[in-house]
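Single-structure report; data block below.
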Amino acid sequence: MAAFLNAFSGKVRPGDVYSLNLTADGTTTPYKYLILAVEPNPGHIAKCYEALMDKLEALHIDSVTVTGLGCGAMNVSADDSAKHLSNAIQARIDTGRLAKLKNLIVCDMIEHIVKKFAQAFSNDSESTSTDDTDNADFTYDVDPSKLTDDPCPICLMELNTEGLTVVALKICHHMFHKECFTQLVNNSGPKRCPNCTLFFSFPKGDMPSNATMSCNLHRDKKVKLEGGVGYYEIVYDVPSGIQGPMHLRPGLPYRGTTRYAYLPNTEAGAKVLKLLKKAFECRLTFTIGKSDCIKTVNRLYSELFLFINSFDRGNITENVNRLKQIEQACEQLKETIRQIPGIDSEEDEQTTKIRSLYKQEPGDKLNQKVHCSYCNSIVLLQNLAFWDPVSFELPMAQQRKDRQEQEVDKETLEGFWAVKNMMDFENVGFTHAVGGYKYLTCAECEYGPIGFVCRRVKKDGS
């Protein structure tokens, strides 16, 4: 760590390049040097690559792996970054100053950046020909005899220019030079017609490919939204997994989610549902984002990684200090989570909104299965319970750590699904009597309480 800090001693400036010898302390590693670039922003990217080449020459390095400098948070285009690297290398090749460098590998977490660098260093023109064949899906060649003196909307030159092929979009029939249109398609921006802004190719997002979307129409006469009878229920399920090359942090895990959406059973609701399905097909519904919580988790992961790898060879004082750093990172993560706007009330608000759709009447039958919210096992089957509008203070499943010894956190719930025979439950356990009541828990994961045993006795004995 001391060597790492010494590499940054003194004043550093954007575009500066520093090297760290990873084997200086006798550590065995497949890499000898770690080369660090300071803020490779658009104004210093050329200088940064020049300094990098000088560093490779001074250290007599024959093989190096570089990333697309500036192509991340600095918003440097991959084309510009690749061009500056190519110019820096070519300048030294011309003067014979980079004779020892044999291998240069470009590696980046974003796949298309690597492709841009490969194109910049390749003299093969096959990549452009494949783009031309792909364009045939949404364009057709225009007969030269039908051309006018109108300009190409992209380059503003006349369409009827000798030696240039003209194509037209199938969706709107606007015409362009074929070469201009190929450059437009290769651009990472939206695939829209420059003339009328119609999409000629649907955009593709980076939503995980294993996500699912299901939709059910509930013809519940008690639920009336926007004048329609019943509602559409949409369930989005995004399983947990590993981030791919198109995401922010390839190789790192992400946590999945399940989301619910509701639409009225009307003509407008059906149209919106159709659009939502199309957005899901284009993988635009969800994305793997980045937040302050993720940053803190990544920092915590790094601290743990350093601690585990240095535990055997570190002394007691160093290990204690690293444990303190890990503890501070955990506290920072907790504080960051607490500062998320509405994190305490959001779940309650969403639950209230959903419950407002179901205006149950006493005696109404349960029309769907009930699952444990923790392990998803079935607790109660449909048609076996009836709605009882009783009000009851139920102890919360998660209690505050700072509560008093005899204090119990409770929430008042209005209405429960009730059964007359406890054998009607699928997976339910019963606690001992506490304060005169027995409580229900999930028999599969023991999460609870999820209900209570009512002590009321009706006239009919039930």
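Every read-out reported here was derived from the displayed coordinates using simple, explicitly stated rules and does not represent laboratory data. Please read these numbers as outputs of a predicted model, since none were measured by experiment. Glycine also receives a Cβ, built like all others from the backbone with ideal geometry; neighbour counts cover every protein chain displayed.
Residues of region 250-281 with an amide N closer than 19 Å to a point placed 7 Å from the Cα of Glu226 along the Cα-to-Cβ direction: 260-280. Take the Cα of Tyr437, step 7 Å toward its Cβ, do the same at Thr412, and the gap between the two points is 1.3 nm.
Measuring r between the beta carbons of Lys365 and Asp237 and using R0 = 30 Å, the FRET efficiency lands at 0.65. The alpha carbons of region 403-443 occupy a box of 37, 23, 18 Å along the principal axes, longest dimension given first.
With R₀ set to 22 Å, the beta-carbon distance separating Asp137 from Val272 gives a calculated FRET efficiency near 0.20. Note on region 262-280 and region 367-445: Cα centroid distance 35 Å, given to the nearest whole angstrom. Using the alpha carbons alone, the radius of gyration of region 179-242 stands to its Kirkwood radius in an Rg to Rh ratio of 1.23. Take the Cα of Ala397, go 7 Å toward its beta carbon, and the backbone nitrogen atoms of region 408-449 under 12 Å from that spot belong to 441-449.
The modelled label-to-label distance between Asn321 and Cys196, using points 7 Å beyond Cα along the C-beta direction, is 6.9 nm. Spin-label model, Leu22/Asp94: points 7 Å from Cα along the beta carbon direction are separated by 3.4 nm. In this structure the amide hydrogen of Phe416, modeled in the peptide plane, comes within under 5 Å of the amide hydrogens of Asp388, Val390, none closer than 5 places in sequence on its chain.
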